[in-house]
Amino acid sequence: MGAVDTFSFTGDMPYFAQHGDLLLASDWRLTFADSTLQAEPLLVAGLALITKTAHAIGVGFGTLASPVLHGLLAVSVAWAAGLPLADRPLHVQTRARVAVAAGVVLTGMAHWAFFYGHPAQILIPVCWIAAASLAREGRVIAAGALIGLCTGLESWAILGLPVLLLAPTLRRSAAGSSVAIATAVLVFLPFVALGEFHMFDYRWVVSGGTPVSLVLDPGTRFPWSLRLVQAVAAIGIAALVAWRLRTSLAALWAVPLTVVVVRLSLEPTLNMWYTVALGMLGLVAAADVVTGRLDDLRGRSRTHPHPA
């Protein structure tokens, strides 16, 4: 798949990399002057670095970016898939990790994340699972910082806040949430305070056939204020799931999966790459369920105590 992608259209990647070049130059203040740019500093800078490296070694962007990103996505998914299986034998964890990573590659999820230029569709859910695991262990500062840093990939990463409710106490959850929000603010602060920042001026267009089109006519502009409504719904419903499953390791994937399902249900446009996060989390959930989590959720098997 990587060899094919080397020569294929790479969607938004060239556009993101172009703004990454701007970010790494003296005119970095203009990075977000164009409201069309809906990728964030860490993503565009990373793609720009891949572009510069490819030029330096005399290969095309796709020739370098395809194996790098495919490898990164497969390894990160394999690692994350094992976290909900912490109460299983090591050989079960290993098989699940390999199966989920292979599934992400063989089903084309990694291909589409690369093809359309949105690797964050996999990387952000991976980080949510990691943050959920950290929160359960009481390491809320690290969990919150991870979520905040992920907004540097794409801003919707902040929707992962509900995983912090898996912390041992509500006070720790609040501390983690504060760190997440503060970190997210710091990611964007230089561009807002010192640059021309117009990201929030962008308006999506409601597409026919989406659930949103049942309320808003197709062609209606969908501003960031409605993104806020979408965020409140996703965070609120996922928070309920987090509270209900807080004693189970299944929460590590169930809470992120809920966020993604609610988000997609309220999307004004359904782009192909949006489904990648849903599919990846579905594979992680399946790996957990088929190795015995269903009995756990039904209360017929062992339970994993909430960390003290």
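Since every read-out is calculated from the coordinates, none of them should be taken as a lab result. Note that the coordinates shown come from a computational prediction; the quantities given were computed from them, not determined experimentally. Quick reminder, even Gly has a Cβ in these numbers, built from the backbone with ideal geometry, and neighbours come from all protein chains shown.
Data table
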| item | result |
| --- | --- |
| Residue order, fewest to most surrounding Cβ atoms within 10 angstrom, among 150, 127 | 127, 150 |
| Gyration tensor (alpha-carbon) shape descriptor, the stretch 91-188, a/c threshold 1.5 | oblate |
| Virtual spin-label span in nm between residue 224 and residue 25, 7 Å along Cα→Cβ | 2.4 nm |
| Rounded to 10°, Cα long-axis angle of helix 13-23 versus longest principal axis of the chain | 70 degrees |
| Residue order, fewest to most beta carbons within 10 Å, for 137, 267 | 137, 267 |
| Modelled label reach - residue 214, point 7 Å along Cα→Cβ, the stretch 241-276 residues with backbone N closer than 17 Å | 261-270 |
| Degrees, to the nearest 10: 120-136 long Cα axis against longest axis of the chain | 40 degrees |
| Within the chain, helix-based [θ] at 222 nm, where runs of 4 or more DSSP H residues each add -39,500 (n - 2.57), nearest 500 | -19500 deg cm²/dmol |
| Footprinting exposure proxy for 128, 28 (fewest neighbouring C-beta atoms within 10 Å first) | 28, 128 |
| Peptides ranked, highest mean first, by Cβ atoms within 10 Å: ranges 91-98, 204-211 | 91-98, 204-211 |
| Mean shadow area of the chain over all directions, Cα convex hull, nm² | 16.5 nm² |
| Shape category assigned to the stretch 143-296 from the gyration tensor of Cα positions, a/c cut at 1.5 | oblate |
| Top positive-direction residue, dipole computed over the chain with Cβ charges, set 14, 151, 76 | 76 |
